[in-house]
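What follows is one structure encoded as C-alpha cells, with my remarks underneath.
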Amino acid sequence: MQSSELEQIKDLEQRISVSKSNYNNIVTLLEYTKDKSPKVIHSALYALYRTFSPLLSKGELQKPKNENLERDKKGLIKIWLRDNYVQYVNTLCNFLRHEEPGLQIPSLNILLNLLKIESTYLTSASGSQQFSNNHYYHVVEGLIDNENFSEPLKTEFVEKYWNTYDDLRFYFLKNASKIINFFLDSGKPKDKVGPVSKKKRLDEKSVDKLNSLMENTFSILENLRTMPTDASEIDEFWTGHPAPELSNSQENDDCEDDSDNMLFDDLFNENFEKEQTKESQKEIPHKKTKKPVLLQLSAHKRVFSDCWLALMKLPMTQESYKRILLIMHKKIIPHMPQPTLLMDYLTESYNAGIVIMSGVTSILALNGLFTLINEYNLDYPDFYKKLYTLFDRNLMHVKYRSRFFRLADLFLASTYLPAQLIAAFIKRMSRLSLTAPPHGIVMIIPMIYNLIRRHPSCTVLIHNSNEHVNKLGRNHSEIDNLEDPYNFDEPDPMKSNALESSLWEMKTLQDHYFPNVATLAKIFQAKFTKPSYNLEDFLDHTYLTLIESELNRKSKKNKMPALSCERPKYIFPAEESIELIYKSEKFDVNERELVFENMKKGWEVWQF
C-alpha cells in the first residue's frame, strides 16, 4: 500500500511539471503530508519542494501589484499558488516540531533551500541585496519554540548552517531576540489564527514553555564558534555576498528593509511585520551608509548582545545559571559592544549563590565580575565581604574550586588592601584546611604563604607575641580552656579579629597523615626567604593526581632495597619488655604488676 502511494506522489509531481493545468495536484500532494507514514510524508515534502522551487525562482508566486491583474485568470492562479505555498511552508515549520528527527532534518533543509531561492530572486528583482527574513523568522521560531527540539536537528542546523554562514547567524540572533521578547511581553508571538484570550496567553507563558524556549535557544548559542572579531572574517553567506555595489539603495542600518520591504512580505502575517518595522525605526534612526549591514562588525555584535540580553530575561534554573556563567567570560563578554549591560545579571547571579548558600553560582559569576571590574571599572559594593563568605567548608569539594582560587588570588593581589582584611582571608583559609581533603590543603598552604609574602604586615600571624594565643597548638592540656580570638562565624572580615590570632592551624598540619601536606606546612617554620609559589602547580590536584604522583615517584639512586630483617626473639614485641622489667631491680612487685597491665593494654591489637 505504501509503495503505491509513493508511486502516486511521483506521478502527481511529474504531471505538474508537464502542464500548468495540473496545478490542482499540489492540493493532493499537500494532503499526503498528513499521512501517518514517515516515508510518504518525506516523499510528498520533497515533491512539493521540486514543484515550488522553480515557480519561486521565476517569480510565479509574486502577488500581482495591479488590482486589475488580480482579477484576471493569471492573477488568480498566482494568488492561489501563493496560498498553497504559504500552507506548504507552514507545514514544514510544523514538522520542525515533529517527534521524528527523520522528518525534522529534511524540513529544515528544504526551508533553508527555499530561503536561498527566495532571497536570490528578490535580489535580482530589486537590484539590491535582499534576505528573506520573513521566511527565516518562522524557521527560527520553529527551532527555538519547540518542545521536541532534538539533538540531531540542533547538530544539523548548528554545524551545517549556523556556524558556517554569517547571514544565517546574524538573522538568527536578530529573530531569536524578537521571539523571546514577544513571549515575555504578550504571549506567543505571531498568532497565525487570530486573537487569543488572556487566559490562553497566560497558559502559553507557563514556566515549562519558557524553560523550553530558554533551553533551545541557549543550546544553539553555546555552540557558537564563528562569531567574527574583525570585519574581514565576515565572508560566508548563504544567500549571496552583500557586495557594496548591490546595496546603494540600502539606507537602514538595522537592515529591517531587507526583510520587510520584500516582494513576499505578506506571505505569513503582513500586519505583524509592518508593526515590527515601525518599532525598529523608532529605536534606530536611519542613516546612509555605503557598507551593507551584514558586513558591519558592529551590527553583528549588536544582534549578539540583544539576543543574549533577551535570553537572560527568561526564568532560569540553577543549572541554567551555571551553564551560562561557565561561558560568560570567554564566549559572551568579548563579543558584547557594551559588556556593562551584563552587570545586573552577574550581580544577581553572584548574590543568588550567596543567598541559597550553594556557592557554585557565585563562584562562576566571579569570572564575569572580575572582567567587568578589571576592564570596565565596575563598582561592586561590599565585594570583599561577599567574597569572604564564599570561603566555606563546601568550597573544597565543589567542581570549580581551582577557578575560584585563581580569581581569589587576583582579587587579593593588591598591596593596598588593609592588613586586617588579608589576615581575615588567611585565617579563614587556615581554619578550612583542618577539614579539607589533601588536594584542598595543598591549594590553601601555598596561597597563604604567598599572601603573607605579599603583605608582610600579616607575618604577625605566625609569630604572635600574645601568650594567650601562643599556647594554642602547643599545650594540649590547656587547649580546651582557650578560645581563638578569631571569629569564624563573623561575616564581616574587618570585624573577625584575625590579626589578634595565630596560624596554629598550620602547626597542626605539620602532623598531617599525608606527608606532602606535612612538608608543605613546615614552610612556616623556616625563614621567609623562599620565593612565592606558583599556584598553578597546586590548583588542579585531586585524589587521583596525588595517588598517581606517589605511584610514579622514582626511588632514590643507589639505595639498596631491604631484603631481610632481624629475626625476632618473641612472638609479641611486648614480651621482651616485660621480661626486662621483671628482671630489673628498679621496680617493686606492685609497680611491676602495674607496668605489666599497662603494657598489656597497649598490645591488645596483637591478640588473635
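Quick note: the coordinates plus some simple rules give every number you see, no bench work behind them. This structure is a prediction, so every number in the text was calculated from the model and none was measured. Note that we place each Cβ from the backbone using ideal geometry, even for glycine, and neighbour counts take in every protein chain shown.
Residues Tyr321, Tyr376, Tyr513, Tyr400, arranged from fewest to most other Cβ atoms within 10 angstrom of their Cβ, appear as Tyr513, Tyr376, Tyr400, Tyr321.
Note on Tyr376/Thr226: beta-carbon distance plugged into 1/(1 + (r/R0)^6) with R0 of 22 Å gives a FRET efficiency of 0.30.
With θ taken as phi - 60° and the Karplus curve 6.51 cos²θ - 1.76 cosθ + 1.60 applied, the whole-hertz 3J(HN,Hα) list for segment 314-323 is 6, x, 10, 8, 4, 5, 5, 4, 4, 5 Hz, x standing for glycine and proline.
Rounded to the nearest whole Hz, the Karplus-based 3J(HN,Hα) values (6.51 cos²θ - 1.76 cosθ + 1.60, θ = phi - 60°) of segment 510-521 follow the sequence 5, 10, 5, 5, 8, x, 5, 5, 4, 5, 4, 5, with x at glycine and proline.
If the limit is 24 Å between Cα atoms, which of Lys63/Lys116; Lys399/Lys530; Lys34/Lys178; Lys116/Lys178 go over it? Result: Lys399/Lys530; Lys34/Lys178 exceed 24 Å. Working from Cα pairs under 8 Å separated by at least six residues, relative contact order for segment 1-95 is 23 percent.
Which order, highest average first, do 39-48, 340-349 follow once you tally other Cβ atoms within 10 Å for each residue and take the mean per peptide?
For the peptides 39-48, 340-349, the packing ranking is 39-48, 340-349.
Distance between the pseudo-spin-label points of Glu483 and Ala125 (7 Å out from Cα toward the beta carbon): 8.5 nm.
Summing charges over neighbours of Gln420, with a neighbour being any other residue whose Cβ is under 14 Å away from its Cβ, gives +1 when K and R count +1 and D and E count -1. Assuming R0 = 25 Å, what is the FRET efficiency of Arg553 and Ile523, from their Cβ-Cβ distance, to the nearest 0.05? Given R0 = 25 Å and the Cβ-Cβ separation, E is 0.80.
Distances between placed amide hydrogens fall under 5 Å for Ser132 paired with Ser119, all partners being 5 or more residues away or on another chain.
How much length, in nm to one decimal, is gained on full extension between Met336 and Asp185, taken as 0.36 nm per residue of separation minus their Cα-Cα distance? Kindly include the intermediate steps, with their values, before the conclusion.
Details: separation 151, 0.36 × 151 = 54.36 nm, distance 2.40 nm.
Value of the extension gain: 52.0 nm.
With a/c under 1.5 counting as rounded, go ahead and sort segment 103-191 into rounded, prolate or oblate using the C-alpha gyration tensor (a ≥ b ≥ c being the square roots of the eigenvalues; past the cut-off, prolate if a/b is larger than b/c, else oblate). Since a/c reaches 1.5 but b/c is at least a/b, the shape of segment 103-191 is classed as oblate. Taking label positions 7 Å along the Cα-Cβ direction at both Asp409 and Glu348, the computed distance is 3.4 nm, reported to one decimal. Reported value for segment 1-95: 89 Å³ per residue, from the convex hull of its C-alpha atoms. The residues neighbouring Asn367, those whose beta-carbon lies less than 11 Å from its own, together hold a net charge of +3 under the Lys/Arg +1, Asp/Glu -1 convention.
Just report the Cα centroid separation between segment 15-49 and segment 313-356, whole Å. Spelled out, the Cα-based centre of one part sits 48 Å from the other.
For Asp537 and Lys34, the difference between the fully extended length at 0.36 nm per residue and the C-alpha to C-alpha distance is 174.8 nm.
Derived value for segment 364-420: Kirkwood hydrodynamic radius 12.3 Å. Basis is the mean of 1/r over every pair of different alpha-carbon atoms. Site pair Phe514 and Thr435 shows an inter-label distance of 1.7 nm when each label is modelled 7 Å from Cα along Cα→Cβ. Residues whose amide H lies under 5 Å from that of Phe237, counting only those 5 or more places away or on a different chain, are Asp166; hydrogens are built 1.01 Å from N in the peptide plane.
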